[in-house]
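Before any comments, here is the structure.
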Amino acid sequence: MNKISDFLQKNNIKFKNLKIYEEAFSHMSYINEIKKPEKKSYERLEFLGDSILSQIVAIYVFNNFSDLDQGELTLLRSYVVKKEFLSKVGKEINLQDYINIGNGERNNIITDSVIEDVFESLIAAIYLDSGYEETYKFLNKNILVKIKNIDIDDLKDYKTKLQEFLQNESEKSIEYNIVSKKKLTSNNELEFFVEVSSNGIVFGRGKGKSKKEAAQNAAKDAYQKRVKK
């Protein structure tokens, strides 16, 4: 538990009950290994932390991004609470160095998903130990200050970007058509070729190993061409 105390102090997290933080940092492989029935893994805390994080982020983006509509607010919140974003933040504070893992499992188990889970468990531990204000301080320092640098347009997929762009140009009818497909390998893997058109005019083409991927690439091709015009 000394290393966990060290982590909390380094991150200016005030604590009263160190045991709840031990739980927040304990992977199930560690719990199974020590065989102490009273010890718990981070899984229940993760559930609570996920909800707290989502709520605080939702309130923050609602209050600070008055120009975004409901769909854009949802997109921004979803990006901030997803694995890639949280695991990156977790690594920035070296969270992975403090996780209790069973012997021999550390290199195999400490994935981005585990770092995300422990980050959410830590949020719950702070909340249960010190309340909302301390939880908000921690999230403001490590999460909320980063949100202002996120460009909402970068989060939208190209089909959405293209739809919005064409609507601004009063072109509302967009069609994606599979023009051909071919077999790539002996295991019947296919490559699809898609064209995107509006008002009968083809202005984007794309290919991919699925219809969805090909359509996205066609939308990207069309969007980039239209924006640069």
Pairs please, first residue from segment 61-88 and in the same structural domain as residue 119 (by TED's automatic domain parsing) and at negative phi, second anywhere and acidic (Asp, Glu) and assigned to a helix (DSSP H, G or I), Cβ atoms under 6 Å, 6+ apart in sequence or on different chains. 83/112; 83/116; 86/116; 87/112; 87/116
Determine whether segment 208-221 contains at least one residue that is within 24 Å of the chain's Cα centre (by Cα), in a helix (DSSP H, G or I) and surrounded by fewer than 17 Cβ atoms within 10 Å (Cβ to Cβ). yes
Name the residue that is surrounded by the fewest Cβ atoms within 10 Å (Cβ to Cβ), counting only residues in segment 38-60 that are more than 22 Å from residue 95 (Cα to Cα) and touching a residue at least 12 places away in the same chain (Cβ under 8 Å). 58
Leading residue by the ranking (nearest to residue 131 (Cα to Cα)) among those in segment 1-29 that are surrounded by fewer than 17 Cβ atoms within 10 Å (Cβ to Cβ) and of a type in the set (A, V, I, L, M): 18
Quick check on segment 192-204: of everything there that is modelled with pLDDT under 90 and crowded, with 16+ Cβ neighbours inside 10 Å, which residue is farthest from residue 173 (Cα to Cα)? 203
2 or more residues under 25 Å from the mean Cα position of the chain (by Cα) and at pLDDT 90 or above: qualifying helices (runs of 4 or more DSSP H) within segment 6-81: 18-24, 43-64, 70-80
Might you check whether a residue that is assigned to a helix (DSSP H, G or I) and closer than 22 Å to residue 75 by Cβ occurs anywhere in segment 168-183? yes
Answer yes or no as to whether residue 195 is assigned to a helix (DSSP H, G or I) and of a type outside the set (Phe, Trp, Tyr). no
Which numbered condition trips up residue 35, out of (1) surrounded by 12 or more Cβ atoms within 10 Å (Cβ to Cβ); (2) on the phi > 0 side of the Ramachandran plot? (1)
Please give the number of the condition residue 64 fails out of (1) among the polar types (S, T, N, Q); (2) within 20 Å of residue 127 (Cβ to Cβ); (3) in contact with a helix residue (DSSP H, G or I) (Cβ under 9 Å, 6 or more places away or on another chain). (2)
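The values are calculated or read from the model by the stated rules, or taken from the named source; none is laboratory data. Here the structure is a predicted model, which means the values were calculated and not measured. Glycine also receives a Cβ, built like all others from the backbone with ideal geometry; neighbour counts cover every protein chain displayed.
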